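Worksheet for the structure shown next.
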Amino acid sequence: MSAPPQRLSTPLEGTPARAWDPSAPIAAPLYLHQPRVLPEWVDYNGHMSESCFLLVFGDNSDAYFRYIGIDESYRDVEHKSFYTVQTHIHNIREVAEGEPLRLTLHVLDMDDKRMHIFHTMVHGTNGDLLATGEQMLVHVDMAQGRAAPMPDYLYQRVAAVHRAHSALPRPPQAGQPLGIRRKAPT
């Protein structure tokens, strides 16, 4: 008999969300996740594989969800979650096994159903920019299988983070189109 299939889990899975303190200062940007490059993230070229950049950005989102008060009970009891509907990653520099990473998260925009977030990944020692990840997240009522407004308490928390981040400069990679740039014919 074969073993049951393993599913992907995140480093924070099973970790309860923190209690929200509306009077606490909100860092701009947020610094919530600082992993090291794991051996299983390294590909045949000897550096972190492209898919693992997205994995780490997803773990950073998980850290953010716990920051604003969402954990597995939100999904399992309230039957709600955030789903990623669009992602754009800029891979800027290589990073090797064992090297430290430091991630930030910047809430660029939001409304009652969506969050536009921006991840920055830098080398944890020298601060070199390694990658950025831009994502559009949609709040989903899983029981109904469609987008739904966030509960007011959650909306207020996301809005507070967005306000704290509104003074940050817009990252240069945000909103960049994908395509081959060509010189105009002369």
Looking at ARG93, ARG75 in this structure, which one is basic (Lys, Arg), surrounded by fewer than 19 Cβ atoms within 10 Å (Cβ to Cβ) and assigned to a loop (DSSP other than H, G, I, E, B)? ARG93
For region 21-36, which positions are assigned to a loop (DSSP other than H, G, I, E, B) and loosely packed, with under 15 Cβ neighbours inside 10 Å? ASP21, PRO22, SER23, ALA24, PRO25, ALA27, GLN34
Based on what the data block shows, is HIS119 closer than 16 Å to LEU137 by Cα and modelled with pLDDT of 95 or more? yes
If the Cβ limit is 9 Å and pairs must be 6+ apart or interchain, which residue in region 106-117 that is touching a residue at least 60 places away in the same chain (Cβ under 8 Å) pairs with which residue that is among the hydroxyl-bearing types (Ser, Thr, Tyr)? HIS106/THR120
Residue among GLY175, GLY98, GLY179 that is within 30 Å of GLU40 (Cβ to Cβ), in a loop (DSSP other than H, G, I, E, B) and of a type in the set (Gly, Ala, Ser): GLY98
(1) in a strand (DSSP E or B); (2) over 24 Å from ALA24 (Cβ atoms): which one isn't true of LEU103, the others all being true? (2)
Screening ARG170, ARG182 for residues that are farther than 29 Å from TYR74 by Cβ and under 17 Å from the mean Cα position of the chain (by Cα) leaves only ARG170
Give region 1-31 a look and list any residue that's of a type in the set (Ser, Thr, Tyr) and either within 22 Å of TYR74 (Cα to Cα) or in contact with a helix residue (DSSP H, G or I) (Cβ under 9 Å, 6 or more places away or on another chain) (or both), or say none. SER9, THR10, THR15
Criterion first (touching a His at 6+ places or on another chain (Cβ under 9 Å) and touching a residue at least 60 places away in the same chain (Cβ under 8 Å)) does PRO29 satisfy it? yes
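The values are calculated or read from the model by the stated rules, or taken from the named source; none is laboratory data. Since the structure is predicted, the reported quantities are computational estimates derived from the model, not experimental observations. As a convention, Cβ positions derive from the backbone with ideal geometry for all residues, glycine included, and neighbour counts pool all protein chains shown.
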